[in-house]
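**Q** Sharing a structure below in structure tokens format, with a few things to ask.
The values are calculated or read from the model by the stated rules, or taken from the named source; none is laboratory data. For clarity, every value in this text was computed on a predicted model and none was experimentally measured. Heads up, the Cβs are rebuilt from the backbone with ideal geometry, glycines too, and the neighbour counts pull from every protein chain shown. What goes into the accessible areas is simple: the full protein's heavy atoms, side chains included, and nothing from ligands, DNA or RNA. Shrake-Rupley method; radii C 1.70, N 1.55, O 1.52, S 1.80 Å.
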Amino acid sequence: MQTTKKYNYILFDADHTLLNYLADERKAYERLYEKLGVPVSEELLSASRKHSEEAWTDAGLYEVNSAYIQKEYHTLYRTHTEEIFARVFAQFPQTQGKKSAKETGLLFLEALKTEGQRIDGADETVNALFGKYRLGVATNGLSDMQRKRLAPLRDKFEKLYISEEIGKIKPSRAFFEFILRDWGIRASECLMVGDSLSSDILGAKTVGMDGCWFNPRNLPNDGRVVPDYEITRLSELITLLR
């Protein structure tokens, strides 16, 4: 597959597109527990991942189209980690030392502020497109965390658009309008690449920007959001844009 359109700008989502968040999260738990003197086991790491997913869901952080979440996203991002460790400590009482669940949650966020592990094909793809296109990242998340995690790729990207800095989150129209104004470009010049139909692709579509769905797990699409392109390996983008 090859596009017949000419783009000058490519925007990438960060987590689950360029960066392997699950691998980074696991490493963060390992660093945290070692720092706290807690023996690290596969059972503890698996439970921590489970509680992380549950706390994120219960906080409503997947509901990015909600007006409330769009307003409170970054506050909830920081505070939901307290609930993660409240659940971890309830399941593994021996893991709680002198730190409260709130304090441990904040330490966990600090442990995530390291260079991110890349998705397979991310380095290859970015290197191949660098110099041919002007590249940017459009990500929801906390500023200092995302900047640290994106550091290995930073010299390839002209712009990092991070929701906490913009004050808006994907898929809001305001988030993408900010990017267009800041870059001084037309929506038709830019392609958004991301793994989320409801965040990356929908958000791009709200301003008339084309979207490429990165779908490595071959998930079905219910048709409510229709991407212009779909790839299962990030490196397919190189051929698509050739």
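**Q** From the backbone phi of the stretch 165-171, what are the Karplus-calculated ³J(HN,Hα) couplings (6.51 cos²θ - 1.76 cosθ + 1.60, θ = phi - 60°) in whole Hz, Gly and Pro given as x?
**A** Per residue, the Karplus-derived 3J(HN,Hα) values read 6, 6, x, 9, 10, 5, x Hz.
**Q** A follow-up question, please. Put one equal scatterer on each alpha carbon of the chain, apply the Debye formula with no solvent term, and list log10 I(q)/I(0) at q = 0.11, 0.12, 0.14 1/Å to two decimals.
**A** Each listed q corresponds, in turn, to -0.59, -0.70, -0.92.
**Q** Which value, in Å², gives the accessible area per residue of the chain when a 1.4 Å probe is used on the protein heavy atoms?
**A** 48 Å²
**Q** Now for a different question. Between residue 137 and residues 5 or more places away or on another chain, which pairs have amide H atoms under 5 Å apart, with H built 1.01 Å from N, and which residues are they?
**A** 12, 159, 160, 161
**Q** Could I ask something else about it? Within the set of other residues whose C-beta is less than 15 Å from the C-beta of residue 136, count the net charge using Lys and Arg as +1 and Asp and Glu as -1.
**A** In short, 0.
**Q** Something else about it: Helix-only estimate, please: 222 nm mean residue ellipticity of the chain, summing -39500 (n - 2.57) across DSSP H runs of length 4 or more and dividing by its residues, to the nearest 500.
**A** -13500 deg cm²/dmol
**Q** Sort 77, 21 from largest to smallest accessible area, using a 1.4 Å probe on the heavy atoms of the protein chains.
**A** If we order 77, 21 from most to least accessible, we get 21, 77.
**Q** Next up: What ranking of 63, 158 comes out by heavy-atom accessible area, probe 1.4 Å, highest first?
**A** 63, 158
**Q** OK, next. Would you mind classifying the stretch 81-139 by shape? Square roots of the alpha carbon gyration tensor eigenvalues, ordered a ≥ b ≥ c; an a/c under 1.5 is rounded, otherwise it is prolate if a/b is larger than b/c and oblate if not.
**A** prolate
**Q** Test of understanding: what is the full-extension gain from residue 67 to residue 22, defined as 0.36 nm times their sequence separation minus their Cα-Cα distance?
**A** Contour length minus Cα-Cα distance gives 13.5 nm.
**Q** Additional query: Does the stretch 1-60 come out rounded, prolate or oblate, given a ≥ b ≥ c as the square roots of the eigenvalues of its C-alpha gyration tensor, rounded meaning a/c under 1.5 and, failing that, prolate meaning a/b above b/c?
**A** Prolate.
**Q** Ranked by accessible surface with a 1.4 Å probe, highest first, in what order do 58, 228, 210 come?
**A** 58, 228, 210
**Q** Share of the chain's accessible area from carbon and sulfur, percent, 1.4 Å?
**A** 49 percent
**Q** In the full protein assembly as shown, how much of residue 198 is accessible to a 1.4 Å probe, in Å² to the nearest 10?
**A** 60 Å²
**Q** With no solvent and one equal point scatterer placed on each C-alpha of the stretch 1-119, evaluate the Debye formula and give log10 I(q)/I(0) for q = 0.10, 0.18 Å⁻¹, two decimals.
**A** Debye output, listed in q order: -0.37, -0.98.
**Q** Follow-up. Let me understand the stretch 89-174 better: what is its radius of gyration from the alpha carbons, and its Dmax, in angstrom?
**A** Spelled out, the Cα radius of gyration and Dmax of the stretch 89-174 are 17.1, 54 Å.
**Q** P(r) for the stretch 114-242: what percent of alpha-carbon pairs falls in each 5 Å bin, starting at zero?
**A** 2, 10, 20, 24, 24, 16, 4, 0
**Q** I'd like the accessible area for residue 107: 1.4 Å probe, protein heavy atoms, all chains in place, Å² to the nearest 10.
**A** Solvent-accessible area, nearest 10 Å²: 40 Å².
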